[in-house]
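The structure under discussion appears below in the form of structure tokens.
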Amino acid sequence: MTDIEMTLDDRLTLKQLANALQNGFSPIVEVVSMDGIYKVRFHHAHGVSDLSNAQGQVSTFLGTGEIRDTLGQLGLTHGVLTCSDQCGDEMIGVSGSAITPDEMLTYGTRIAFR
């Protein structure tokens, strides 16, 4: 774990991300699909940080191309695309159990940024 990881909050701006990457930050990048809207999460030894704007609101994207371009320019090469978990169908009484965040990363789709 790098020293920079100890100072990260649960929200991370692009400027903070760029600085962290220059100082050895090496997260697992998760691109979360939420019915046509995407957000980016960074998994690291100290926890999980959402990509956010300068006002602290979680950044959302309408497609993965913009995410690819933005993160690729910072030097990140790949990530994992995951989908919001739906684990049952209450309309027909089918129950299920949600998969864990670790399982979502393990079974997600690998994507490239560069």
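The values are calculated or read from the model by the stated rules, or taken from the named source; none is laboratory data. None of these values were measured; they are calculated from a predicted model. FYI the Cβ positions are ideal-geometry reconstructions off the backbone, even for glycines, and counts take in every protein chain you see.
Would you check if there is a residue in region 5-20 being assigned to a helix (DSSP H, G or I) and at pLDDT below 90?
For region 5-20, residues assigned to a helix (DSSP H, G or I) and at pLDDT below 90: present.
Every residue, every condition in (1) surrounded by 11 or more Cβ atoms within 10 Å (Cβ to Cβ); (2) at pLDDT below 95; (3) of a type in the set (Val, Ile, Thr); (4) in contact with an Asp or Glu (Cβ under 6 Å, 6 or more places away or on another chain), yes or no:
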| residue | (1), (2), (3), (4) |
| --- | --- |
| Gly36 | no, yes, no, no |
| Lys39 | yes, no, no, no |
| His44 | yes, yes, no, yes |
| Asp50 | yes, no, no, no |
| Val58 | yes, no, yes, yes |
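Working only within region 18-32, note down all residues that are touching a strand residue (DSSP E or B) at 6+ places or on another chain (Cβ under 7 Å) and surrounded by fewer than 16 Cβ atoms within 10 Å (Cβ to Cβ).
Across region 18-32, the qualifying residue is only Ile28.
List every residue pair whose Cβ atoms sit under 8 Å apart, with the two residues 6 or more apart in sequence or on different chains, where the first one lies in region 100-114 and is farther than 13 Å from Ser33 by Cα and the second, anywhere, is of a type in the set (Ser, Thr, Tyr).
Ala112/Thr77; Phe113/Thr77; Arg114/Thr77
Of the conditions (1) loosely packed, with under 13 Cβ neighbours inside 10 Å; (2) assigned to a loop (DSSP other than H, G, I, E, B), Leu76 clears all except one; give me its number.
(1)
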